[in-house]
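Undergrad: So that we are looking at the same thing, I have put the structure below in structure tokens.
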Amino acid sequence: QVHVVESGGGLVQPGGSLRLSCFASGSVFSTYVMAWHRQAAGNQRELVATITSVGSTYYADSAKGRFTISRDNAKNTVYLQMNSLKPEANSVYYCNVRVYDMEYWGKGTLVTVSS
């Protein structure tokens, strides 16, 4: 069982920045494939970005150029740096962990972009 905990959400003005963090338990964190997803009210959950065990990254078109995913294996933590935030980013952001054939989710952290 992998426990996943997100943090860092909050209220930010349009154009502002936030950094989300996700801690995942386990002694083999470095092997995990980590991802951020988001779900806006009334919408389906969508992939934002992923990072593999070797640091390869993928971004959804909506995140390219403004969001950066990174990981610190020593801290069992993955980050999502979000810059130039737009109101369309209003969502609950979920951290996803894939290890072997298992998948784990956190409970999410709310991001609100509003003036």
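The values are calculated or read from the model by the stated rules, or taken from the named source; none is laboratory data. Computed from a predicted model, the values in this text were never measured in an experiment. Glycine gets a Cβ as well: all are built from the backbone with ideal geometry, and neighbour counts include every protein chain shown. For the accessible areas, the whole protein counts, side chains as well, though only heavy atoms, and no ligand, DNA or RNA atoms are used. Shrake-Rupley method; radii C 1.70, N 1.55, O 1.52, S 1.80 Å.
Undergrad: Under the rule of at least 5 residues apart or a separate chain, name every residue whose amide H is placed under 5 Å from the amide H of Ala60.
TA: Under 5 Å from the amide H of Ala60 lie the amide H atoms of Ala49, each far enough along the sequence or on another chain.
Undergrad: Once Rh for segment 54-101 is found with the Kirkwood sum over Cα pairs, what is the Stokes-Einstein diffusion coefficient at 20 °C and 1.002 mPa s, in µm²/s?
TA: Answer from the Stokes-Einstein relation: 171 µm²/s.
Undergrad: Normalised by the number of residues in segment 1-90, what is the relative contact order in percent for Cα pairs under 8 Å and 6+ residues apart?
TA: For segment 1-90, the relative contact order is 32 percent.
Undergrad: Apply the Karplus parameterisation 6.51 cos²θ - 1.76 cosθ + 1.60, with θ equal to phi minus 60°, to every residue of segment 79-94 and state each ³J(HN,Hα) to the nearest whole Hz, in sequence, with x for glycine and proline.
TA: 10, 10, 8, 10, 10, 6, 5, 10, x, 5, 7, 4, 6, 8, 9, 10
Undergrad: Now for a separate question. Quick one: length gained pulling Ser56 to Glu103 fully straight, 0.36 nm per residue minus the C-alpha distance?
TA: 15.0 nm
Undergrad: Under 15 Å from the Cβ of Tyr104, count the other residues' Cβ atoms, weight Lys and Arg +1, Asp and Glu -1, and hand me the total.
TA: 0
Undergrad: Using only the heavy atoms of the protein chains and a 1.4 Å probe, how would Arg45, Arg66 rank by accessible area, largest first?
TA: Arg45, Arg66
Undergrad: While we're here: Could you report the chain's accessible area per residue, 1.4 Å probe, as an integer in Å²?
TA: Ligands and nucleic acids excluded, the result is 53 Å² per residue.
Undergrad: OK, next. Roll a 1.4 angstrom probe over the protein heavy atoms and tell me the percent of accessible area of the chain that is carbon or sulfur.
TA: That share works out to 49 percent.
Undergrad: Apply 1/(1 + (r/R0)^6) to the Cβ-Cβ distance of Leu47 and Leu11, taking R0 = 25 Å, and write down the FRET efficiency to the nearest 0.05.
TA: Once the sixth-power term is evaluated, E becomes 0.55.
Undergrad: Report, in whole Å, the centroid distance computed from the Cα atoms of segment 1-22 and segment 63-115.
TA: Here the two parts' Cα centres lie 6 Å apart.
Undergrad: To continue, here is another question. Which ³J(HN,Hα) values, rounded to whole Hz and listed in residue order, are derived for segment 29-38 from phi using the Karplus coefficients 6.51, -1.76 and 1.60 in 6.51 cos²θ - 1.76 cosθ + 1.60 with θ = phi - 60°, glycine and proline given as x?
TA: 3, 4, 8, 6, 8, 10, 8, 10, 10, 9
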